[in-house]
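Remarks on the structure that follows.
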Amino acid sequence: MKLHTPHRPAAIATLSIIVIGLISGFNAVTTVAAPVADTGFGMIPASMKMRCSKADRMTRLKEAGGTPECEEAVVQGLNWLKSTQREEGDWPGNLANTGLALLAYLGHCETPVSAEYGDSCVRAMTFLINVAVKNKGWIATGTPATNKAICYEHAINTYAIAEATTFCRQLKINIPNLEKVCQVAGQLIIDNQTKQGGWSLLREPGDDEPRWRAMEALQRALPRSTPQ
């Protein structure tokens, strides 16, 4: 695997934040079933459904002081992600970069049925699912015993898988093991919470990011881990 260039992780994280702001009993995945024609969003939570209307996005963007150029910049960013995605479906650098990139797509309501970015979405989902399958549910590098920063990677990637589960369930898209991985990944966050209520890792004292990353992932994962 090629080493990443220094600017890529920051760029992926930044794009994911911009887009979002605007709006084990399983086997490795090798194939993905073709989506059906139904592209309704009736059961998508209202907070997520709004991002699927360009008119609504532009209205909220204008209310927040943005301009049409902001939307154009996001699209250019998504195009950059598409051009830098590796053949395996991931992006260079920290494993969380793949979750952040997938969140950028989903934050713009890009799904496996999207004409421009559908293939990128499927490949990213499949990559993260296969990581979880090989790593006993952890969507991260290693385990808590070998990776003290695992709660960052796992929480971000669980958040992305949970959002993907919501969209794919409503769109009736069969991504093998997606819902199972969502369920197991969310449960791992619960099972590894400390007695003090946080999540352990080697960071500076007072760093609250692990806690809110985990809570963010659980907020998305738990309601979606059981089929409706």
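The values are calculated or read from the model by the stated rules, or taken from the named source; none is laboratory data. Treat the numbers as computed from the prediction; the structure is a model and nothing was measured. For neighbour counting, all protein chains shown are included, and Cβ atoms are generated from backbone atoms with ideal geometry for every residue, glycine included.
Look at I129 and say whether it is part of a helix (DSSP H, G or I), surrounded by 15 or more Cβ atoms within 10 Å (Cβ to Cβ) and either of a type in the set (S, T, Y) or modelled with pLDDT of 90 or more (or both). Yes. Out of all the residues in region 151-164, is one or more at pLDDT below 90, small (G, A, S) and surrounded by fewer than 20 Cβ atoms within 10 Å (Cβ to Cβ)? No, region 151-164 contains no residue that is at pLDDT below 90, small (G, A, S) and surrounded by fewer than 20 Cβ atoms within 10 Å (Cβ to Cβ).
Evaluation of G137 against the conditions (1) crowded, with 16+ Cβ neighbours inside 10 Å; (2) not in a loop (DSSP other than H, G, I, E, B) shows that the sole unmet condition is (2). Considering only residues of region 160-188 that are outside any helix (DSSP H, G or I) and of a type outside the set (D, E, K, R), which is nearest to N135 (Cα to Cα)? Here the answer is N177. Looking at region 46-120, the helices (runs of 4 or more DSSP H) lying wholly inside it that each contain 1 or more residues that are under 13 Å from the mean Cα position of the chain (by Cα) and surrounded by 13 or more Cβ atoms within 10 Å (Cβ to Cβ) sit at 96-107.
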